[in-house]
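Participant: Pasting a structure here, questions to come.
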Amino acid sequence: MLPGGRRPGERPAAGPSSRLSPRPATRPSSRASTRLPSRLPRPSSRSAPRPREAEAPESRRGRSRGQEGPSFDFTRARRLISLLSLVIVIALGASLFLTSTAFGIRDIVVVGSVRLTSPEIVELTGVELGTNLLKIPTGKVRDRLLACPVIAEATVSRKFPSSLIIRVSERHGVALLPASGRFLELDSSGLCIAEHQYVSALGLPLVSGIVLEELAPGTRPADERLAGVLLCADALGVAGRLQVAEIHIGDAGELLLYTREGTPVYLGPPDDLEDKIVALLGILLDLEESGIEATYIDVRYPRYPVVGSPDAPAPPQGWIDPDIYVIFGEP
């Protein structure tokens with residue numbers, strides 16, 4: 001018997017202290033430690049950092065880069081080849097168009113010419129039939145046309161496949177100015193557009209009172225009195241210029257006209273020309289219809305025109321406003 005009344009091999013009775021004491025931890029056996037877990041742990045999404053390779057020395061890196069050589073950019077080479085091919089195609093197409101006979105000029109159409117004939121205008125352009133339409137420099141052709149004093153404006157355009165269209169606007173003369181045995185045709189701005197030796201068929205009045213020795217076509221005379229003459233000639237219009245043979249300008253700037261029948265017409269200063277010309281043309285029409293012969297016509301004051309008969313006194317030489325007679329009586 002052992003102390004405490006227990007037999008050999010018998011566990012001692014558990015007392016209150018033994019019941020409350022924690023059970024000693026058991027040491028895992030070697031067999032339990034070798035067991036694999038039933039579920040493997042999920043791998044992490046982040047990859048483990050790779051170990052950093054040791055950098056090669058500068059001399060070694062330089063040798064390896066030099067041994068490899070520069071890399072070739074195939075994408076850039078393809079782009080260059082494509083661009084070069086496009087340029088070649090465009091050049092070949094342009095060459096084909098510029099040398100093709102399908103665009104050779106067959107017709108040159110001139111529109112708006114009255115004074116100049118179509119062959120004369122074509123000669124001014126310097127363009128020949130058969131020339132490729134795409135080779136025509138329209139700007140230079142227009143400049144050649146404008147170099148002619150008769151042509152005031154010009155446009156040149158292409159009409160495919162084989163026509164060249166030329167539109168012109170011409171200047172027209174209003175008076176003839178004698179100079180060095182010739183007659184210079186002037187437009188309303190004073191530009192000399194042509195010179196003539198014979199003037200009977202032109203139907204333009206002669207300018208007298210201005211002496212001019214030389215004037216080339218395409219230039220303007222410098223005499224200031226000529227402005228009043230040209231204003232008068234332009235105001236006459238085509239019908240009036242056919243009835244007036246001469247326009248004389250005096251030293252004082254007063255205008256004196258002569259009709260084709262030789263009747264003097266007193267216009268006075270070159271102002272209110274439109275009213276004076278309207279009065280003059282009306283008087284000439286009345287004289288023609290009535291058959292009356294006039295020795296002079298005075299329209300210096302258009303509201304009070306005067307027509308001289310063969311037995312009438314000569315008109316006053318100076319400029320006298322007829323309103324003076326109406327308001328104050330004859331001086």
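Participant: Only one of V244, V207 is free of Cβ contacts under 8 Å to residues at least 40 places away in the same chain, in contact with a helix residue (DSSP H, G or I) (Cβ under 8 Å, 6 or more places away or on another chain) and buried (at least 20 other Cβ atoms within 10 Å of the Cβ). Can you tell me which?
Facilitator: From the options V244, V207, the qualifying one is V244.
Participant: Can you find a residue in segment 207-229 that is assigned to a strand (DSSP E or B) and over 38 Å from the mean Cα position of the chain (by Cα)?
Facilitator: So far as segment 207-229 goes, yes, one or more of its residues are assigned to a strand (DSSP E or B) and over 38 Å from the mean Cα position of the chain (by Cα).
Participant: Now for a different question. Mind listing whichever residues of segment 123-145 are within 15 Å of E170 (Cα to Cα) and surrounded by 14 or more Cβ atoms within 10 Å (Cβ to Cβ)?
Facilitator: L124, R142, R144, L145
Participant: Restricting attention to segment 178-186, does a residue exist that is on the phi > 0 side of the Ramachandran plot and either surrounded by fewer than 15 Cβ atoms within 10 Å (Cβ to Cβ) or modelled with pLDDT of 95 or more (or both)?
Facilitator: yes
Participant: Only one of (1) free of Cβ contacts under 8 Å to residues at least 60 places away in the same chain; (2) at positive phi is not met by G218, so which one is it?
Facilitator: It is condition (1) that G218 fails.
Participant: Answer with yes or no whether S163 is in contact (Cβ under 8 Å) with a residue 12 or more places away in the chain and at positive phi.
Facilitator: In short, no.
Participant: Hey, another quick one. Check whether at least one residue in segment 291-302 is in contact with an Asp or Glu (Cβ under 8 Å, 6 or more places away or on another chain), surrounded by 16 or more Cβ atoms within 10 Å (Cβ to Cβ) and at pLDDT 90 or above, and report yes or no.
Facilitator: yes
Participant: Considering only residues that are more than 23 Å from A239 (Cα to Cα) and of a type in the set (V, I, T), which ones fall in segment 185-224?
Facilitator: I210, V211, T219
Participant: Restricting the first residue to segment 144-157 and requiring it to be more than 17 Å from A194 (Cα to Cα), which pairs with a second residue that is charged (D, E, K, R) meet a Cβ separation below 7 Å and a spacing of at least six or different chains?
Facilitator: Cβ pairs passing all conditions: A154/R142; A154/R167; T155/R142; T155/R167; V156/R142.
Participant: Here is a follow-up. Tally up the residues in segment 130-176 that are hydrophobic (A, V, I, L, M, F, W, C), in a strand (DSSP E or B) and under 27 Å from R241 (Cβ atoms), please.
Facilitator: 6
The values are calculated or read from the model by the stated rules, or taken from the named source; none is laboratory data. Computed from a prediction, not measured in an experiment: that's the story for all the values here. We place every Cβ from the backbone using ideal geometry, glycine too, and count neighbours over all the protein chains shown.
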